[in-house]
Each structure stands twice: as C-alpha cells, then as structure tokens.
Amino acid sequence: VFSIDFLFHMYFLVRYSRLLEEGDFRGRTANYVLMLLFGIICISLVAVYTHVHFLGSALTFMMVYVWGRRNEDVRMSFLGFFTFSAPYLPWVMLGFSVLLGNGVTMDIIGIIVGHTYYFLEFVYPVIAEIRGWRLKRILEPPTPLLWLCGTYDDPAVHLHQD
C-alpha cells in the first residue's frame with residue numbers, strides 16, 4: 001500500500017542502509033551482506049507466523065536500530081519538534097507509525113531482529129573475549145561470501161618479496 005508511512009520507511013531504509021554501509025561496514029562488504037541476509041531470513045521466518053506480506057518496514061527498523069546503537073552519541077530531531085539521541089530513533093519511528101494509525105507488528109519484529117543482530121555482532125564477541133570462550137564470533141561471513149564480495153584474503157598464500 002502506497003502511503004506516507006511507506007514513503008517514510010523507504011526513505012529511512014535507503015538513508016540508514018547507506019550510512020551503515022559507508023560507516024561501520026566500510027571495507028567489510030561481506031559483513032554488510034551477511035547483516036542483510038540475517039535480517040531478511042529472520043524477518044521472513046517470523047512473517048510466516050504473523051501472516052504479513054510486506055516485510056520492508058521490518059527491514060527498515062532493523063537497519064535503523066543497528067545504526068542507532070552504533071551511533072549512540074548522535075543527537076537527532078524528529079520533524080523539528082523534539083531532540084533525542086540516535087538509539088531512540090526506532091522507538092520514535094514506532095510512535096510515529098502509531099500516530100498514523102498503522103500496525104506495529106512488523107516494526108517491532110524489525111526492532112527485535114535488529115537487537116538480535118546487534119547483540120550477536122557487537123556485544124557477544126566482547127563478552128566471549130572477556131570470559132575466554134572458544135567461539136568468539138558467531139556472525140562471521142563464510143569464505144564463499146567473502147570471495148563473492150571481493151574481500152577474501154587467503155591466509156595460506158603468502159607472497160615473498162626477496
């Protein structure tokens with residue numbers, strides 16, 4: 001359904017996807033693609049049980065959530081009315097969706113998937129390092145994805161310059 005809410009979601013999806021790609025994922029294309037695949041797969045699995053057909057708003061909320069958590073010191077203004085810090089942006093957007101009278105099921109799913117990704121990618125590795133766990137990173141891109149994205153560096157091949 002084409003509406004003002006749809007336009008806002010698409011704007012936020014493009015904007016925050018670009019900011020993530022140019023910021024936290026600069027030079028880490030395979031990690032960025034893995035984040036998208038993780039979000040798409042998780043959202044699609046949940047959508048089977050919620051009987052929702054348009055999943056774009058959930059992906060938008062996932063991207064906004066991850067960007068907001070990675071940029072905690074950024075101050076924002078929503079429609080010029082009030083200011084808040086970036087981690088609250090998904091919640092402000094959720095409130096805006098409620099004010100427009102839209103359902104919030106997919107928005108909340110996007111926030112939950114974004115939080116899950118954020119925890120697995122940025123929080124868990126720190127905890128695993130502190131506690132000395134053997135598995136340090138859960139969301140490490142597989143070698144074929146690294147190869148497809150052009151970021152594969154074969155550790156077995158070392159060229160010597162004499």
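The values are calculated or read from the model by the stated rules, or taken from the named source; none is laboratory data. Because the structure is predicted, anything quoted here is derived from the model rather than measured. Here the Cβ positions follow ideal geometry from the backbone for every residue, glycine too, while neighbour counts run over all protein chains shown. Keep in mind that these areas ignore ligands, DNA and RNA; they rest on the heavy atoms of the full protein, side chains included. Shrake-Rupley method; radii C 1.70, N 1.55, O 1.52, S 1.80 Å.
A few remarks follow.
- Peptide packing for 19-31, 41-53, 108-120 was compared via the average number of neighbouring C-beta atoms within 10 Å per residue; ordered from the highest value, the list is 108-120, 19-31, 41-53.
- Probe 1.4 Å, protein heavy atoms only - accessible area per residue of the chain in square angstrom: 63 Å²
- On Cα atoms only, tilt of 29-50 relative to the major axis of the chain in degrees: 50 degrees
- Crossing angle, helix 4-22 versus the chain [Cα axis fit, 0-90 degrees, rounded to tens]: 20 degrees
- Here the ratio of the Cα radius of gyration of the chain to 2.2 N^0.38 Å is 1.19.
- Working note: Karplus 6.51/-1.76/1.60 with θ = phi - 60° gives the stretch 109-117 the couplings 4, x, 5, 5, 5, x, 5, 4, 5 Hz, where Gly and Pro are set to x.
- Surface share of carbon and sulfur [accessible, 1.4 angstrom probe, percent] for the chain: 64 percent
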